[in-house]
Amino acid sequence: MLFATWKKVATGCVVAVSLAACQNTGSNAPLETQTATVGEYQLGAGDEVRITVFGQEQLSGTFRVDGAGYVAMPLVGEVEAKGKTSRELETAIAQKLNEGYVRDARVSAEVITFRPFYIIGEVNNPGQYPYANGMTATTAVAMAGGYTYRGRQDYILVTRGNDPEKVERRAPINTRVLPDDVVRIPERLF
């Protein structure tokens, strides 16, 4: 009888360990932006920016950051935008314009259209969605129609778009979502 009881306990442990091993919880490596305390938005390929050069209507307009990370401007040509904030882009454009094209150039840059993010897994409407500045995973789930009945609601798995290794990491539900991120809502066991 003692052997039969021990066998049931051992079998139960094997099943529990097997179920836990089957569930992909992502890397436990730290996520550099666990909560909604991330710095200013950095531009990348696909962003659309409204650039205004004050007093120079012909130089102003809406420009898209190309695949290489540049904005093509009249007169000055390509200006690197990838990885820069809108304030840094303003400064870079003003410097180029001040090199013989415009005297005392004053430039304003505003992001009109952000790159999208992606949400997959246990949400009602997985897919690509437009990024909104300051959004969290909770907001992303709401945009995707909420959780399915099988969705885990205590954490997410996220692959950062700017991560060259594309490692999926486990993060809290209040994690800030960034453009090009892939957010995966895992399935709960029961």
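The values are calculated or read from the model by the stated rules, or taken from the named source; none is laboratory data. These numbers were taken from a predicted model, which means no experiment stands behind them. Here the Cβ positions follow ideal geometry from the backbone for every residue, glycine too, while neighbour counts run over all protein chains shown. To get the accessible areas, we keep the full protein, side chains included, count just its heavy atoms, and leave off ligands, DNA and RNA. Shrake-Rupley method; radii C 1.70, N 1.55, O 1.52, S 1.80 Å.
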| field | Stretch gain in nm, segment residue 85-residue 162, where the contour uses 0.36 nm per residue and the Cα spacing is subtracted | value | 26.2 nm
| query | Using the heavy atoms of the protein chains alone and a 1.4 angstrom probe, what is the accessible area of region 77-147 per residue in square angstrom? | reply | 53
| request: Give the shape of region 66-109 as rounded, prolate or oblate, defined through the alpha-carbon gyration tensor: a ≥ b ≥ c are the square roots of its eigenvalues, a/c under 1.5 means rounded, and otherwise the shape is prolate if a/b is larger than b/c and oblate if not. | output: oblate
| Ignoring ligands, DNA and RNA, how do 90, 57 rank by accessible area with a 1.4 Å probe, largest first? | 57, 90
| request: Would you mind computing, in nm to one decimal, how far apart the modelled labels at residue 132 and residue 78 are, each placed 7 Å from Cα along Cα→Cβ? | output: 3.5
| request: Provide the percentage of antiparallel DSSP beta bridges, counting only those with both residues in region 120-190; round to the nearest 5. | output: 85
| Sulfur and carbon atoms: percent of accessible area, region 52-190 [1.4 Å] | 48
| said: With only alpha-carbon atoms in the gyration tensor, what are the semi-axes of the equivalent ellipsoid for region 68-151, in Å, largest first? | reply: 40, 11, 8
